[in-house]
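Remarks on the structure that follows.
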Amino acid sequence: MTAPAEPGSVVVGVDGGGTGSRAVVLDPSGRILGREVGSAAIVVPGAETASLEAIQDLVRRVLRAAGLPPGTSARVLVAGLAGVGREADRKRIEIMLGATLANLGLARRVAVRNDAEVALHDAFGEGPGILLVGGTGSIALARLPSGRTLRTGGWGALAGDEGSGWSLGLGAVRAVLRGMDGRGPATTLTRRVVAAFGTDDPAELVDRLRTAAKGQVAALAPRVAAAADAGDAVAVALVEEAAGALAAHVAPLVQAWREEESATGDGAAGESPRLALLGGLVAPGGPLRSRLLPHLVALDAVLVPEALDPARGAARLALSI
């Protein structure tokens with residue numbers, strides 16, 4: 001029988017995204033003691049309190065789910081959060097979250113990472129590989145054979161997120177409005193999009209969009225893909241553009257991989273980089289996966305079949321701290 005973990009020796013990993021969050025508790029040997037899911041914990045500038053509250057609630061519940069005594073404090077907590085791609089944002093949230101969880105007695109030490117970083121760690125540990133995230137947002141991260149890390153994308157809703165659920169949903173709304181104006185072709189997306197926002201009038205979409213959460217807009221992506229599968233030309237163009245945009249995140253990382261191999265004369269030169277996919281758009285059964293895979297095959301990347309668990313990756317990172 002496995003001995004119970006000392007309460008003060010456990011670590012917690014959190015994966016906080018735009019549509020939900022997940023947490024895992026590990027004992028010092030890496031054994032999973034508990035899991036929990038919670039509300040979105042994406043970091044939105046000016047609304048950080050919502051993210052902090054979602055995380056503290058999730059951590060409290062996952063420690064309870066692990067069967068630990070009341071008042072247990074994790075030795076280390078690593079949170080991989082969407083919305084902290086800039087170093088200044090990451091440090092600021094790390095300080096805020098660390099103070100919050102310490103004051104509540106939930107974690108003695110806190111480290112904040114980008115959500116892609118903890119997923120990369122779950123996929124490849126400290127080894128080389130490339131991760132492409134296609135979910136509410138989009139980003140790609142690579143650890144090259146030398147150990148050097150590179151990133152593409154992850155610049156957020158205003159400046160980036162190309163190929164993401166957010167981008168695809170926003171593109172659908174724009175296409176509907178153009179069609180209503182006569183500046184674009186009519187599309188079956190009109191009825192699909194207005195239904196998703198609970199209105200019969202496309203003109204009301206602007207007001208609905210103004211108050212919609214990022215995840216609500218991203219949730220339009222499956223409707224766009226369904227319209228494309230049904231032959232809607234506007235939807236087909238949108239999903240093909242999104243698939244190409246996601247692949248464009250990977251292309252420069254593969255190029256850097258090849259250039260590094262050529263420069264070092266590594267004996268592994270010529271081997272295809274391993275690529276892991278994460279996010280609702282590109283996971284098995286995801287609405288963009290079948291359209292994305294041909295682009296990735298053309299890049300000569302080898303797809304990792306295993307499902308990723310970013311919260312577990314965050315917890316494994318915590319073990320090394």
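Structure notes:
- Here the chain is treated with +1 on each Lys and Arg Cβ and -1 on each Asp and Glu Cβ, and its dipole about the Cα centre works out to around 680 debye.
- Between Arg61 and Ala248, the modelled label-to-label distance comes to 3.8 nm, taking each label 7 Å out from Cα in the direction of the beta carbon.
- The chain: DSSP helices with Cα axial extent of at least 18 Å and average Kyte-Doolittle hydropathy no lower than 0.5: 165-181, 233-264
- Farthest positive-ward along the chain dipole, Cα basis, beta-carbon charges - from Ala318, Ala79, Leu101: Leu101
- Computed [θ] at 222 nm, helices only, for the chain once each DSSP H run of length n ≥ 4 contributes -39500 (n - 2.57): -14500 deg cm²/dmol
- Size of charge dipole - the stretch 164-239 - debye, nearest 20, with Cβ of Lys, Arg +1 and Asp, Glu -1, no other charges: 200 debye
- Rounded FRET efficiency, nearest 0.05, which uses the C-beta distance separating Glu241 from Ala195 and R0 of 25 Å: 0.60
- Of the GluC sites (Glu not before Pro) found in the stretch 102-208, those in coil by DSSP whose Cβ has at most 13 other Cβ atoms within 10 Å are Glu126.
- Farthest toward positive dipole pole in the chain [+1 Lys/Arg, -1 Asp/Glu at C-beta], among His295, Gly184, Val43: Val43
- FRET efficiency for the pair Leu299 and Glu126, taken as 1/(1 + (r/R0)^6) with r the Cβ-Cβ distance and R0 = 25 Å, rounds to 0.60.
- Other-chain or far-sequence residues with amide H under 5 Å of Ala111's (modelled H): Leu77, Val78, Ala79
- The simple spin-label model puts a point 7 Å past each Cα toward its Cβ; for Gln255 and Arg178 those points are separated by 2.7 nm.
- Segment Ala283-Leu150, extension gain: residue separation times 0.36 nm, minus the distance between their alpha carbons: 45.6 nm
- Working from label points 7 Å from Cα in the Cα-to-Cβ sense, the Ala226 to Asp207 distance is 2.6 nm.
Bear in mind these aren't lab numbers, they're just calculated from the coordinates by the rules spelled out. All values reported here derive from a predicted model rather than from experimental measurement. Backbone-built Cβ (ideal geometry, glycine too); neighbour counts: all protein chains shown.
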